[in-house]
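Engineer: Below is the structure I would like to discuss, written out as structure tokens.
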Amino acid sequence: EDFKYYADICFKSFGDRVKYWTTFNEPNVAAIRGYRSGIFPPSRCSRTFGYCSSGDSEREPFIAAHSMILSHAAAVNVYRTKYQKKQGGSIGIVMNAIWHEPISDSLEDKLAVERANAFYMNWFLDPIILGKYPTEMREILGSDLPVFSKYELEKLKSGVDFIGINQYTSFYVKDCMFSTCEQGPGVSKTEGLYLRTAQKDGFFIGQPTALDWLHVYPQGMEKLVTYFKDRYNNIPMYITENGYCEEENVNVTTKAVLKDVQRVEYMSSYLDALETAV
């Protein structure tokens, strides 16, 4: 109700100029880092996941996500019923979107990719667009995954006009449901029982950058937008974030900084991949 009230004020105040609205930016990151690892506010987590004063990493991320999904639906409903016809804008949601590649051709690793997609991206998009949580999540989490009431499902039918995609990089995924995995991101039941890694046989999935999670893998852009196109009935998509990073070096000359070859190559390759997808 509070988010609905806040959104209404935004639409009323700025809707004559703002034509593209996004309800949330990277709600999946907010739920995971705020309520599982605890590295973002409100810094809640269990001891096995982080160092927080309180929290429950196995349940709270899904409660928080459920609230964000319902808040999205409430805002969209306000816009659809009170403002969209007059203001002529569109409304969507922006996801942090990582592409996942199976680390081998085994059926187990391919199924692990589906779980990775479900627990990271489809977690939010499936309820908002398809009206239900992913099957993979329901099967693993059971009663730990909240349930939508009939009233809430009606609200979710408003959906989105577009999906915003923040896409930078990709990872390999290894099965941890039928195989034994070392500790790492994704391995727990609450994360989907898969291991997410940037390396395969000692080689990175793409050229490393100054950020340890960002490797250059333009193929992931093509595969991701194609995956969303097929899964979500060709809903319009916008690339809302993408980019290359370097460590800041105050001793480098302006001339050297302007010779930004790696960034140019990164942007060019990702745009080529997007063109191929189109």
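Engineer: Search segment 114-168 for residues being within 15 Å of the chain's Cα centre (by Cα) and of a type in the set (Gly, Ala, Ser), and hand back the single one that is surrounded by the most Cβ atoms within 10 Å (Cβ to Cβ).
Structural biologist: Ranking the qualifying residues of segment 114-168, first place goes to Ala116.
Engineer: Residues that are modelled with pLDDT under 95 and over 27 Å from Thr226 (Cβ atoms): which helices (runs of 4 or more DSSP H) entirely in segment 65-184 hold 3 or more of them?
Structural biologist: Details: elements: 84-87, 107-117, 135-141, 150-156.
Qualifying helices (runs of 4 or more DSSP H): 150-156.
Engineer: Let me ask you something else. Only one of Ala273, Ala210 is exposed (fewer than 14 other Cβ atoms within 10 Å of the Cβ) and aliphatic (A, V, I, L, M); which?
Structural biologist: Working: Ala273 fails: exposed (fewer than 14 other Cβ atoms within 10 Å of the Cβ).
Result of the check over Ala273, Ala210: Ala210.
Engineer: Any chance you could count how many residues in segment 243-263 are part of a loop (DSSP other than H, G, I, E, B), of a type in the set (A, V, I, L, M) and open to solvent by less than 80 Å² (accessible area, probe 1.4 Å)? Working first, answer last.
Structural biologist: Of segment 243-263, the ones part of a loop (DSSP other than H, G, I, E, B) are 243-253, 259-260.
Now drop any that are not of a type in the set (A, V, I, L, M), which leaves 250, 252.
Right, trim to open to solvent by less than 80 Å² (accessible area, probe 1.4 Å) and you get 252.
Here the count works out to 1.
Engineer: Okay, moving on. What about Val29, is it out of contact with any strand residue (DSSP E or B) (no Cβ under 6 Å at 6 or more places or on another chain) and either surrounded by fewer than 18 Cβ atoms within 10 Å (Cβ to Cβ) or not acidic (Asp, Glu) (or both)?
Structural biologist: When the stated conditions are applied, Val29 does not pass them.
Engineer: For segment 11-35, which residues satisfy the criterion of being in a helix (DSSP H, G or I), over 14 Å from the mean Cα position of the chain (by Cα) and among the charged types (D, E, K, R)?
Structural biologist: If the condition is that a residue be in a helix (DSSP H, G or I), over 14 Å from the mean Cα position of the chain (by Cα) and among the charged types (D, E, K, R), then Lys12 is the only one that fits.
Engineer: Of Tyr266, Tyr232, which residue is in contact with a helix residue (DSSP H, G or I) (Cβ under 6 Å, 6 or more places away or on another chain), hydroxyl-bearing (Ser, Thr, Tyr), in contact (Cβ under 8 Å) with a residue 24 or more places away in the chain and open to solvent by less than 60 Å² (accessible area, probe 1.4 Å)? Outline the logic, then answer.
Structural biologist: Details: Tyr266 fails: in contact with a helix residue (DSSP H, G or I) (Cβ under 6 Å, 6 or more places away or on another chain).
Among Tyr266, Tyr232, only Tyr232 is in contact with a helix residue (DSSP H, G or I) (Cβ under 6 Å, 6 or more places away or on another chain), hydroxyl-bearing (Ser, Thr, Tyr), in contact (Cβ under 8 Å) with a residue 24 or more places away in the chain and open to solvent by less than 60 Å² (accessible area, probe 1.4 Å).
Engineer: A further question follows. Of the numbered conditions (1) open to solvent by 10 Å² or more (accessible area, probe 1.4 Å); (2) under 29 Å from Tyr172 (Cβ atoms); (3) touching a residue at least 12 places away in the same chain (Cβ under 8 Å), Arg80 satisfies every one except a single condition; which is it?
Structural biologist: Arg80 satisfies every listed condition except (2).
The values are calculated or read from the model by the stated rules, or taken from the named source; none is laboratory data. Keep in mind that this is a model prediction, so the values were computed, not measured. Cβ: placed from backbone, ideal geometry, glycine included. Neighbour counts: every protein chain shown. For accessibility, only protein heavy atoms count, side chains too; no ligands or nucleic acids. Shrake-Rupley method; radii C 1.70, N 1.55, O 1.52, S 1.80 Å.
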